[in-house]
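Presented below is the structure to which this report refers.
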Amino acid sequence: MKKILPVLLLACFSKGLQAQKCYDLNALLSAKIHPVYEKHLQASRKFNIKVLKDTKTLTKYRQNGKLSPVKSLGKGYRIQTLSHSKPVLVPEAKAALREIAKKFSASSNGSTLTLTSMTRTLEDQCRLRKVNPNASVGLSSHNYGNSFDISYVRFNDRLAVNSRLDRILENVLRDFEKSGKIYFIKEKQQSCYHITVRA
């Protein structure tokens, strides 16, 4: 009995640790945001989706149609295997993604884009930080379902720098930004364009 008690206590302690959240929502909401990124978060809040905390929250929004699944292959794009995000977006972001991919494909004689990240719950973000210390410690527009990342070093399912295709992609994104449909940031560390769709 004496040996069993410490084992039981350890098991209970471990379960307690697992049940703890890896984030403090109040701290995330009050964290100071870089001015360049602030407009991305402001755009995200206009879709009437609260911060996606976990898979249960994400599933609820999928069931009521506020988040829509995105196919892994489409005209002008491919989604790489996602380990820290889910292939779902608000309908407006899904439509913008398709438009961007089609415009890019038409402008590049049929080349394809690679999406590297999509909708992320706060739990997904915690897991990502364990393998990528550069991952956002505050809120991300990925947490609202209206952002996605497109690689600028992977086109046509090939990992290689292609300045011509990168220029075409950036020009497409600039056109969409000028028309008020998106905001975008070229992220150097992750070699991707972070795109936030506006309502």
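When restricted to residues that are touching a strand residue (DSSP E or B) at 6+ places or on another chain (Cβ under 9 Å) and open to solvent by 70 Å² or more (accessible area, probe 1.4 Å), region 81-94 contains 1.
Among the residues of region 30-83, those identified as closer than 21 Å to LYS186 by Cβ and assigned to a helix (DSSP H, G or I) are PRO35, VAL36, TYR37, GLU38, LYS39, HIS40, LEU41, GLN42, ALA43, SER44.
Residue check: GLY76 meets all listed conditions (1) touching a Phe, Trp or Tyr at 6+ places or on another chain (Cβ under 9 Å); (2) in contact (Cβ under 8 Å) with a residue 60 or more places away in the chain but one, namely (2).
Just to be sure before I move on: is ARG198 within 18 Å of the chain's Cα centre (by Cα), closer than 13 Å to THR114 by Cα and surrounded by 16 or more Cβ atoms within 10 Å (Cβ to Cβ) in the structure I sent? In short, no. Residue check, SER105 against (1) surrounded by 21 or more Cβ atoms within 10 Å (Cβ to Cβ); (2) small (Gly, Ala, Ser); (3) without any contact (Cβ under 8 Å) to a residue 40 or more places away in the chain, all met but one. Which one? Of (1) surrounded by 21 or more Cβ atoms within 10 Å (Cβ to Cβ); (2) small (Gly, Ala, Ser); (3) without any contact (Cβ under 8 Å) to a residue 40 or more places away in the chain, only one is false for SER105: (1).
Select from region 41-69 the residues that are open to solvent by less than 60 Å² (accessible area, probe 1.4 Å) and not aliphatic (A, V, I, L, M) and list them in ascending order.
Let us first name the residues in region 41-69 that are open to solvent by less than 60 Å² (accessible area, probe 1.4 Å), namely 41, 43-44, 47, 49, 51-52, 54, 57-59, 61, 65, 67-68.
Scanning region 41-69 gives SER44, PHE47, ASP54, THR57, THR59, TYR61, GLY65, SER68.
Do we find a residue being in contact with a Lys or Arg (Cβ under 8 Å, 6 or more places away or on another chain) and surrounded by fewer than 14 Cβ atoms within 10 Å (Cβ to Cβ) anywhere in region 144-158? Yes, the conditions are met somewhere in region 144-158.
So for region 91-107 (the condition being at positive phi and over 17 Å from the mean Cα position of the chain (by Cα)), does at least one residue qualify? If you could, list the steps in order and put the result at the bottom.
Of all residues in region 91-107, those at positive phi come to none.
Among the residues of region 91-107, not one is at positive phi and over 17 Å from the mean Cα position of the chain (by Cα), which makes the answer no.
The values are calculated or read from the model by the stated rules, or taken from the named source; none is laboratory data. Everything numeric in this text was worked out from a predicted model, so none of it was measured. Positions of Cβ are generated from backbone atoms using ideal geometry, with glycine treated the same way; all protein chains shown enter the neighbour counts. These accessible areas exclude ligands, DNA and RNA; they are computed on the full protein's heavy atoms, side chains included. Shrake-Rupley method; radii C 1.70, N 1.55, O 1.52, S 1.80 Å.
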